[in-house]
Structures are given as structure tokens and as C-alpha cells.
Amino acid sequence: MKTHYWVRASSSDFSGILPQPRSGHTAVNIGKSKIVVFGGLVDKKFLNDVTVYDIENKLWFQPECTGSYSDGQVGPIPRAFHIAVSIDCHMFIFGGRSGSKRLGDFWVLDTDIWQWSDLASFGDLPSPRDFAAASAIGNRKIVMYGGWDGKKWMSDVYVLDTISLEWTELSVSGTIPPPRCGHSVTMVEKRLLMYGGRGGGGPIMGDLWALKGLIEEENETPGWTQLKLPGQAPSPLCGHTITSGGHYLLLFGGHGTGGWLSRYDIYHNDCIVLDRVSAQWKRLPTSNEPPAARAYHSMNCVGSRYLLFGGFDGKSTYGDLWWLVPEGDPIAKRMVASPSEVISESMNTTMANDGLTGAKEGQIEGSAVSELQKRLEISVSHSHSDKIIDEMEDKEFVQMASRVVGEGSVGKIEALRDHWMKSTPMSITLKELSPLLHDYQRLITRHHIGKVGSNLQLAKSGFSGKEAFRFYHFRNASQLRMNDIPNLLAEYKVLLSAVRTN
């Protein structure tokens, strides 16, 4: 299995209008030509916009849709946590949540002419629900399993014939999985595979089941079988994605419980592969830092690449786009690409952790960090390399240490450094940039320039040439650009590791 690389999408990858941050949305592939993103949730606002990625032209656009109305506007009402499945050029939508209401409406979008049709009048529909999961059966039918109706978890199986537009509840014999929501399903050959989810008031589940009897020509009695496969199985998960790519099913993200005594969910960002040939779980080998952990995102195949968008981590809603690509892919050569146009979205979500508001999303030119700091009234103290001050005299540094580890904590300076060692570029907030830059310059002054002079022995540090200590002469954090943040953090980690081992 090839090593894969996570690379943040850059402005050169796309043109057009990128989708706004969201979670609980759907993103479906229409053949090999486009990906259609619909709905979702951001800042308690439910969405019903349609944003399309034209794969061949590398263009994001918002089509002007026509067709059936709901609540005085074209198309379905705003929603999240619905199902969406494509059959040929049609995207079928069912259910979801809008506010506190579970939905049971049924729509189709013709992506050739961008026309919505309300299909609620076509026969009996499944009961309203959110957090269900669905998959296409060949190029005619759709299967849906489970969900939550606001009072109970569900374990029913419905099959939709997209020609007759009739829903049929499948009568399943034998042992059935516990009712659940937030799980994933995908058709593999003649079986529906279902993994994880939450249900029954207990912890999040990590079981894998296969449903037979969905292919009429096979004349099999519908029935579930629990599968226990060898290998490195994923943690119990809810809100994850499972994406088919060749011989592999790629499972990414999701959240799980910290255990019976924990009140908090743990969010994941690892990649687990189900190898369809050997029928075992494997960890996908990845060579660099993954995106921030999240759930209720979308992950789509684009040729040999995967495209990750959006999601939620319990605090922040993401609007970032990431490629997961195999070694040898031209995108892999970039390794870390963090354009201001893209990172500004994730920085806006990071700011939500601090209760900061007021930064306009979108296209921030020039020194994006400086602009955001001004708008958010974050002070920018000058830090010239010839005026490096001690940690305890650096007010911003001390305040940040107190904020991260608590007032009066013993060893809070080293605790703050430990925090930065564990941080990712996406988790660094704007308020941390100035004290981080100060400490970066302090470490260089004390442990490199102070000992070996200006001709630094940089090979030892893991950097060479122009890449070495490139932020040492920055006067303050306002000089940083958005795409400097991953490099600053990487250099800081190498510096601190070298200091601590000497």
C-alpha cells in the first residue's frame, strides 16, 4: 500500500467560489465530472445552498437552480445530517434536521439542468429522521439504514427504486444490528457494509456488519452478518466517512467517547483502510501531519486523490479543503500548502475557540495575520532579535502560559512549550502567534547564536540554507503570512527538541 500525503489545497488548485465552512453536509460524486455539496450547518445556521466542484475545469461554482419550491424558495428547506446519493446525473435527498425538527421530505436534483423536484407525493416515505446512512445499489436503487427520529434510534432498512420512486421497507430475518445513527454504509459487491454509529444510550459502537439480499437477481433472503476482521481495526466511531477507492475502503475522522466516565467526545484524524482483497483492516501509511481531527465532514474520490472538506470538532466548524494523495502525485511535492485564501477559513473557525469575532471570511490579501490582528484588536508587540527578553519579563508569553495551563501553575512555561510541541498549524490561534514568535527567537538567540555565532550549524537542526531560522529577523507577528504558520511551528518544534536534548 502506497504512502499517502496530506496537502492543504492551494489557490492554484481551484478557481471560482469555494463553499463556506460547514458540517453535517453531503458531497456526492456525479460520475467523474463533478462533486455536488449540499446543505450543512455552521454557527447554528442550517444551509440549503448547492456548491459544485467541476473536476475537469478545477472550478467551484454555485448553479442557479430552478424547480419545486419549499417555504417560498426553490429547492429543499435548509438542513443538515440528511442523506444524499447520486444515480447517474441525479442527486436524491432524504430527511435530515432543520433546527430541532427531523425531516421526512424527499427531493431530487437533476444536475444536468440544475432543477429540483419535490418527490414527497410519490407513495409512502420512510419516517422522518436524521443521521441515517445510505448508498447506491448499482445504477438504479438506493438503500438507507437507521437514523434517529428525536425519540429513538432506528434499525430499519429501506430500498428506493429511483425509476418508480417507490420506497420499500426490507424484511430482514435473523440477528440484526443494534439500532443506531451517525454510522456509515457502503455497497461492496453484493453486500452493504455498515460500521459504527451511536445508539441505545451506550458508548459509540465499533462493530462491522454486512447485509445480503439487496440484489434481486441473487434471490437471497435479506440478513445481517457481523464481521470480525483481522488487522488494526478503527476505534468505535460516529460521524466518520467511508470512501471507496479501488481495492480499498478509506475510513477517516469521526468521534468516539472517552469511556464510560468521560463526558467528552474524542475526535479523530487517522486513516484506516479496509482492504477488500485481503479482508483485513490496515492503517494507511501517511508521511506528514494530518488535518485537524473532525467529524461530520465529507471525503470524495477524485481519481487517485481524496478531497476532504469541512467538519466539526466539538468547538469549531471547518471550511478547509485538503488533498490526500499517493506518493508520486504532483501535489505530494508541495507537502505543506497553506494559502491565505484557504487558511483564513480555518483561522476563522479557530478564532471561535477564543470567542473572537469580526474577521471577514474569504480573500484576505497581503499580510493576513496582521489584518486579522487589527480587526480583532489583538496587540502586536515588537520583538526585534537584538532585544530578546527573558520569559518571565515577556508579558504576552506569561499571560499565554497562564491561559493555557492555569494561573499559578508550577512549570507553566515548559507546559506552554509542550502545548506548542503538540499543536498543529490549524490549532494555533491568532493570540498565540506573537508569544510563539518571541519564544522561537529567544531559543535561537540563547542556544544557537549565543553558542556558535552567526554561522549556525543548521544541519543538526533539520534545516538548511534559506529554510533555516527564516523568521528570526521578523520584528513582530504582523509580518507573518498565513502560509508562514506551518513553517514557523515546524522550525519551533525542531529548535525546542534540539534544546531539550542538549
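Checking the table Lys315/Lys431; Lys315/Lys493; Lys34/Lys212; Lys151/Lys315; Lys32/Lys282 against a 19 Å threshold on Cα-Cα, which pairs fail? Flagged as over cut-off: Lys315/Lys493; Lys34/Lys212; Lys151/Lys315; Lys32/Lys282. Classification of the range 77-179 by its C-alpha gyration tensor yields an oblate form. The axis ratio a/c (a ≥ b ≥ c) is 1.5 or more, and b/c is at least a/b.
The figure for Tyr69 is an accessible area of roughly 150 square angstrom, using a 1.4 Å probe on the protein chains alone. The mean accessible area for residues of the range 116-192, using a 1.4 Å probe and ignoring ligands and nucleic acids, is 45 Å² per residue. Using a probe radius of 1.4 angstrom, the carbon and sulfur fraction of the accessible surface of the range 42-117 is 44%. Available extension along the chain between Tyr248 and Lys493 is 84.8 nm, counting 0.36 nm per residue and deducting the alpha carbon span. Between the amide H of Thr286 and those of His4, distances stay under 5 Å, these residues lying 5 or more places away or on another chain, with hydrogens modeled in the peptide plane. Across the range 74-117, C-alpha contacts under 8 Å between residues 6 or more apart give a mean separation that, scaled by the residue count, equals a relative contact order of 33 percent. Is the range 1-138 rounded, prolate or oblate when judged by the Cα gyration tensor, a ≥ b ≥ c being the square roots of its eigenvalues, rounded requiring a/c under 1.5 and prolate requiring a/b larger than b/c? Since a/c reaches 1.5 and a/b is larger than b/c, the shape of the range 1-138 is classed as prolate.
What is the range 145-269 by shape, rounded, prolate or oblate, if you read a ≥ b ≥ c off the alpha carbon gyration tensor as root eigenvalues and call it rounded for a/c under 1.5, prolate for a/b larger than b/c, and oblate otherwise? Because a/c hits 1.5 or more and a/b exceeds b/c, the range 145-269 counts as prolate. Here is the list for the range 16-53: trypsin sites (Lys or Arg not before Pro) lying in DSSP coil, each with at most 15 other C-beta atoms within 10 angstrom of its C-beta, are Lys32, Lys44.
List the residues of the range 274-314 whose backbone N lies under 12 Å from a point placed 7 Å from the Cα of Glu327 along the Cα-to-Cβ direction. Only 285-288 pass the distance filter. Label-to-label distance for Ile163 and Asp112 is 1.7 nm, based on points extended 7 Å past Cα in the beta-carbon direction.
Among Met144, Met187, the sequence by solvent-accessible area, most first, with a 1.4 Å probe is Met187, Met144.
The values are calculated or read from the model by the stated rules, or taken from the named source; none is laboratory data. Remember, it's a predicted structure, so these values are computed and weren't measured experimentally. Cβ atoms come from the backbone with ideal geometry, glycine included; neighbour counts cover every protein chain shown. We work out accessible area using only protein heavy atoms, side chains counted, and drop any ligands, DNA or RNA first. Shrake-Rupley method; radii C 1.70, N 1.55, O 1.52, S 1.80 Å.
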